[in-house]
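Written out below as structure tokens is the structure these notes cover.
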Amino acid sequence: MPLDPARIRAHFPAFDEPSLRGQAFFENAGGSYTARPVLDKLDHFYRATKVQPYGVYPASIAAGEAMDLSFERIAAALNVSADWIHFGPSSSANTYVLGNAFAGWLKQGDAVIVTNQDHEANTGAWRRLAHRGIEVREWRVDSQTGRLSLDALDALLDPKVRLIAAPHCSNIIGEINPIADIAARARAIGAVTAIDGVSYAPHGLPDLAALGADIYFFSAYKVYGPHQGIMAVRPSLAMELPNQGHYFNDTKPRYRLTPAGPDHAQIAASSGIVDYLETVAALADPTIIGPDPYRRAHAAMRAQETALAAPLLTYLRHKNSVRIIGPDDAGLRAPTISLALDEPGAVVAARLARHGVMASGGNFYAVRLLEALGIAPEHGVLRLSFVHYTTPEEIRQLMTALDAELR
């Protein structure tokens, strides 16, 4: 593996917490542990600069500078300029605001494409546009594999389509979708793309210039940071969309898609995410290459996770009582592995907890997807999600627990 787990875990205070000792964390898709640089910056902001930022006195000036740094650093990690970046209270809140903005930008007779693979945050906000006279077309998954086919997308495309909303990867399926191909198809017909990166970003922030998406959003608390939502929106599009903030802030890009006041401290702490990614790049095996620290960190995290997921998927393939949702090839997916079982997922998760395995079961706000796969949402799935700081020993702990509890 390209990363030494001990050296990586030294940057997460949770692994020194006595109450968590012996607990293997397999619910990272719900929120990852917070990296030390983020916690240090959050603590400093509350101690030294918890004042109204962007004022004229030193503490206020320092607070604004700390916030500005996060806009710049997050943008650099995504390979875009700082005017792409918008912070909000959560990804669900951010897409809700975007849905309202697009309601004033689209015209009756326009069409949007949504999937039934998404978390509801990146489908419900767009589906509600039907009440405004917008045609909503559903790009449906294969009912057996859960896969989104580009051929099925092509069948939905025509000049009426103005928006395609899709996940970079599903929080249940885990398969990594071809976003660059989706974005290219959108551009070819004059449409824009809104990509849900919540389930992908914890495994390495993407190069947005390479993806070509117009909107990309993710949750900072799943990327080792504070509980915030981060959106990257193409600046020209952001200025076209109707202002969602106070009228007198119409010319201020950071305010137009943020109707509520942002959490200053958490914005300032978010630059710690990027500090941590640079640490990952520095700790990676020299064979991991890339044009900048963020691409190297991405490559190292993905390689680490693929190596961890491979033996688990091999083990699960031989469990007759288990249906793996999504591909069983570790190279094609994020390590968010959902299992359809005879018992409700939450029931099995509760039993795994007796073995020190922290996992969860349910529908994970992907009700439409489970229905398409023939799984009752109230029955749900067992979801086992991990990231690059997971260890081979924890994977073995999980498999031992599954042996004991799967019927």
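The values are calculated or read from the model by the stated rules, or taken from the named source; none is laboratory data. Predicted, not measured: the structure shown is a model, and the values here were computed from it. Positions of Cβ are backbone-derived with ideal geometry, glycine not excepted, and every protein chain shown enters the neighbour counts. The area values use the complete protein model at the heavy-atom level, side chains included, leaving out ligands, DNA and RNA. Shrake-Rupley method; radii C 1.70, N 1.55, O 1.52, S 1.80 Å.
Has region 29-38 got at least one residue that is open to solvent by 30 Å² or more (accessible area, probe 1.4 Å) and either farther than 21 Å from residue 282 by Cα or touching a strand residue (DSSP E or B) at 6+ places or on another chain (Cβ under 9 Å) (or both)? Looking through region 29-38, at least one residue is open to solvent by 30 Å² or more (accessible area, probe 1.4 Å) and either farther than 21 Å from residue 282 by Cα or touching a strand residue (DSSP E or B) at 6+ places or on another chain (Cβ under 9 Å) (or both). Whether a residue is within 19 Å of the chain's Cα centre (by Cα), of a type in the set (Asp, Glu), outside the structural domain of residue 77 (by the TED database) and at pLDDT 95 or above was assessed, and residue 305 passes this test. Counting only helices (runs of 4 or more DSSP H) that fall entirely inside region 289-403 and contain at least 2 residues that are among the hydrophobic types (A, V, I, L, M, F, W, C) and open to solvent by 40 Å² or more (accessible area, probe 1.4 Å), the qualifying elements are 293-317, 345-352.
Is it the case, given these coordinates, that residue 281 is in contact with a helix residue (DSSP H, G or I) (Cβ under 7 Å, 6 or more places away or on another chain), assigned to a helix (DSSP H, G or I) and open to solvent by less than 20 Å² (accessible area, probe 1.4 Å)? So residue 281 fits the description; yes. Selection of region 213-246 for residues being among the aromatic types (Phe, Trp, Tyr) and either at pLDDT below 95 or touching a strand residue (DSSP E or B) at 6+ places or on another chain (Cβ under 7 Å) (or both) yields 216, 217, 218. Among residues of region 101-123 that are more than 20 Å from residue 372 (Cα to Cα) and of a type in the set (Phe, Trp, Tyr), those with a beta-carbon under 7 Å from a residue that is part of a helix (DSSP H, G or I) and modelled with pLDDT of 95 or more at least six positions away or on a different chain give the pairs 102/129; 105/240.
Restricting attention to region 1-28, the residues that are of a type outside the set (A, V, I, L, M), within 29 Å of residue 361 (Cα to Cα), open to solvent by 30 Å² or more (accessible area, probe 1.4 Å) and in a helix (DSSP H, G or I) add up to 6.
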